[in-house]
Every structure is written in structure tokens, then in C-alpha cells.
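Read through the structure below, which is laid out as C-alpha cells, and then see the notes.
Every read-out reported here was derived from the displayed coordinates using simple, explicitly stated rules and does not represent laboratory data. Keep in mind it's a predicted model, so treat the numbers as computed, not measured. Cβ coordinates were reconstructed from backbone atoms using ideal geometry, including for glycine residues, and neighbour counts include every protein chain displayed.
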Amino acid sequence: MIIKTDSKVIMREKGYNFNFDMKSGFFARWGETQDDDPDYSPYGPEIADIEIATSCKGVGKVCDFCYKKNNPNGTYMSLDTFKKLHSILPPTVTQIAFGIGDIDSNPDMWEIFQYCRDHKIVPNVTVNGEGITDDIADRLNYYCGAVAVSYYDEDKTFDTIKKLTDRNFGFISQDGGEDLFFHANSLDGIAFDQLREGDAVTFETEKTEKGDAAVNVKKA
Ligand code: SF4
């Protein structure tokens, strides 16, 4: 039996159990007893690795060492194809590590990530640092559980990680509802760095292209 709530995936079968928290990434697996650690999942993988783009210009130049043989003429997987693939994945899949080339190598990538979230799968991705704008950094933070940055150039890697970790936004926990995204620009009467985890806030909800977001956020 597998149960999926807003933020948790819970598996209960004889000899194989897990709890996965989509918010924190915490994953606990056990077998007949809590001291057992099964060697493998008899019901299907917990994590899938899926390549959704093979187009890549490299970092400054195409990498002749690319083990995936990505190049500027590569192709990508459409959302429709991904949906078909998703339909045959076992329900045990809690996370997908997506392989891409350039950050814009798959025009359906954000919709694929949203589709994953809608189906209680956390998307993760590895980027090479090229073309990461503030907006893209916000989107990666919003959708992904983990973003890995491949190391090609010290400055680029540093700048990319800084951009990904310096984002000014957060999530509001709601009783009985999903977490609500808010950006620092949506705060009213308080600076972002004055807010602390657990602070009570009031807000209004607005629809954005990435889903519902909180606006006019004020400290209660
Ligand atoms: S940046 Fe990475 S994915 Fe792109 S060509 Fe180089 S090794 Fe391959």
C-alpha cells in the first residue's frame, strides 16, 4: 500500500516500508522491523534517472569529454512523452534525477517539473551553470529538491551556487493546505531577513504562472 499526501509519501508492505518527506527530503526505509534495511525494493525503484535533453553547447565550448555525447544538435523529451513514461513508472518513485544539457535545452522542462510535483515526485537536476538567470534560479528553487552544479570553471561554479542559494523567497505553511510560495517583494512592512521560521503572517493569495503565491505578506 502506498499513500501520498500533500507533502509525504508513505509505503507499507510486508518486509518493505518507507516514509518520504517531500519538503525536507528525509527518507527512512525499513523491513520487517525498524532495524531491518532491505537490500532492494521489491516493488520498484525509489529514485529514477531520466534524460530529458541532449542538447548542450558546453561551458564556453562543447566538451569533448561529455560522457553523454551531448552537443548543440541534441534533442529533448516533450511533456507528452514524459507523461507516457510517467504512466509506467512504479508508484514507489519518489524522486527523479533529470539529465539535461543547457538549462534551456528542453522547452517543456518547467511543465515536466510541475507535472512531477502534481504527482508527488520531487524533481532534481544537474546544471552546468551557463545561462542561470535570477528567474531561472527562482524556478529551480521552487520546483527542485536538489540542484547539483557541475564543476567546469571555479568562478562560474561559485557564481551559480551563490545565485541558487541567495534567493529571497520562502514558503508559508498552512493548516490543512499546501505550502504557499512568497517572494521577498511581496512582503509588506517587514524585511525578508527579519522573518523567522515559525513567525505567524497574514497574506492574500494570487495566481501566478507557477501556481498560487502569497502576496501582501505581513507579520501577524
Ligand atoms: S556541459 Fe556537461 S552535459 Fe554539456 S557537453 Fe559538457 S559535459 Fe556534456
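Helix content alone sets the calculated 222 nm mean residue ellipticity of the chain: runs of n ≥ 4 DSSP H residues at -39500 (n - 2.57) each, divided across all residues, give -5500 deg cm²/dmol. Per the Debye formula on identical point scatterers at the alpha carbon atoms of segment 1-42, with no solvent, log10 I(q)/I(0) at q = 0.35 Å⁻¹ is -1.17. Projecting the Cα atoms of 165, 103, 213 onto the charge dipole of the chain (Cβ charges, centred on the Cα centre) puts 103 farthest toward the positive pole.
Checking the Cα-Cα distances for 23/219; 163/207; 120/162; 84/120; 8/120 against a 20 Å cut-off, the pairs over it are 23/219; 163/207; 120/162. What you get for the chain, charging only the Cβ of Lys and Arg (+1) and of Asp and Glu (-1), is a dipole of about 320 debye around the Cα centre. Projected label points at residue 49 and residue 64, each 7 Å from Cα along the beta carbon direction, are separated by 2.6 nanometres.
Over the C-alpha trace of segment 40-165, radius of gyration and Dmax come out as 14.7, 44 angstrom. A Förster distance of 30 Å, applied to the separation of the beta-carbon atoms of residue 84 and residue 104, puts the FRET efficiency at 0.80.
Summing Lys and Arg as +1 and Asp and Glu as -1 over all other residues whose Cβ lies under 14 Å from the Cβ of residue 191 gives a net charge of 0. Between residue 158 and residue 192, the contour length at 0.36 nm per residue exceeds the Cα-Cα span by 9.9 nm. Listed by chain and number, the aspartates and glutamates whose alpha-carbon sits under 14 Å from that of residue 68, ignoring those within fewer than 8 places in the same chain, are 49, 51, 102. Just want to confirm a number: the relative contact order over the chain, from Cα pairs under 8 angstrom separated by 6+ residues, in percent. Over the chain, the number comes to 13 percent. Counting only Cβ charges, +1 for Lys and Arg and -1 for Asp and Glu, the dipole size of segment 169-219 around its Cα centre is about 140 debye. From the square roots a ≥ b ≥ c of the eigenvalues of the alpha-carbon gyration tensor of the chain, which class results: rounded (a/c under 1.5), prolate (a/b over b/c), or oblate? It comes out oblate by the Cα gyration axes. Counting only aspartates and glutamates at least 8 places from residue 218 when in the same chain, those with an alpha carbon closer than 16 Å to its own are 188, 193, 197, 199, 204, 206.
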